[in-house]
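The values are calculated or read from the model by the stated rules, or taken from the named source; none is laboratory data. Just so it is clear, the structure is predicted and the values come from calculations on it, not from any experiment. Don't worry about glycine lacking a Cβ; one is built from the backbone with ideal geometry, like all the others, and counts go over all protein chains shown. We work out accessible area using only protein heavy atoms, side chains counted, and drop any ligands, DNA or RNA first. Shrake-Rupley method; radii C 1.70, N 1.55, O 1.52, S 1.80 Å.
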Amino acid sequence: MAAHRHHPQAGLRPPRHAADPRARRWWTVQALLTLSGPLLLTAVALFVLSLLLFPGALPWLGPLLLVVLVLPALGYLLAMPRLRYRVHAWELGGSAVYAASGWYRHRRRIAPLSRVQTVDTTRGPLQRAFGLATVTVTTASTAGAVKISGLSDADARLLAERVADAARLIPGDAS
């Protein structure tokens with residue numbers, strides 16, 4: 001019977017390297033394009049249509065639009081990038097790469113360098129506009145890849161090279 005190993009993540013110190021400060025602007029634009037922008041446009045369209053076609057509905061529709069669409073959109077737009085920036089961090093140790101991510105649900109992932117299979121760097125159109133990149137470290141694990149986003153292009157290149165070099169120097173797991 002295999003021994004059960006417990007890894008208490010609550011006792012881990014946060015990784016040392018924060019996301020690039022430009023990541024906050026990148027996440028803000030993402031929020032505008034994916035959630036906040038569409039919600040605000042929907043609220044404006046419904047308000048204008050009501051104003052033109054059903055002005056009698058404004059006393060109840062205005063507050064409803066405010067509570068259901070406008071406040072959540074603005075809350076997400078203002079809170080998500082700040083909270084995400086506080087959490088997103090990474091560190092490369094002698095035997096593992098460690099990443100913290102999320103904004104609502106925090107995730108911490110530690111991937112042993114001995115299990116690294118591939119290291120990829122991606123830059124979407126928005127990331128390129130802000131000079132940012134994401135490094136994805138794929139391991140021989142069913143838990144999935146470790147993604148480190150919000151890195152400057154230079155940090156992403158350096159991290160990818162360092163992870164690949166370190167993984168080559170460490171013998172693979174026999175398990």
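Observations
- Residues in segment 106-116 carry Karplus couplings, in order, of 7, 10, 10, 10, 10, 10, x, 5, 5, 9, 5 Hz; the curve used is 6.51 cos²θ - 1.76 cosθ + 1.60 with θ = phi - 60°, and Gly or Pro positions show x.
- Within the shell of other residues whose beta carbon sits under 13 angstrom from the beta carbon of residue 119, the net charge comes to +2, with Lys and Arg scored +1 and Asp and Glu -1.
- Charge tally for residue 130 (other residues, Cβ to Cβ under 9 Å; Lys, Arg +1; Asp, Glu -1): +2.
- Within the chain, helices built from complete DSSP H runs that reach 15 Å or longer along their own axis (Cα positions) and carry a mean Kyte-Doolittle hydropathy of 1.0 or higher are 37-53.
- Dipole magnitude of the chain, debye to nearest 20 (Cβ charges: Lys/Arg +1, Asp/Glu -1, about Cα centre): 320 debye
- Fraction of accessible area attributable to carbon and sulfur, the chain (%, probe 1.4 Å): 64 percent
- Relative contact order computed over segment 62-113 (Cα-Cα under 8 Å; 6+ residues apart), in percent: 25 percent
- Working from Cα pairs under 8 Å separated by at least six residues, relative contact order for the chain is 21 percent.
- The residues of the chain expose on average 62 square angstrom of accessible surface per residue, using a 1.4 Å probe on protein heavy atoms.
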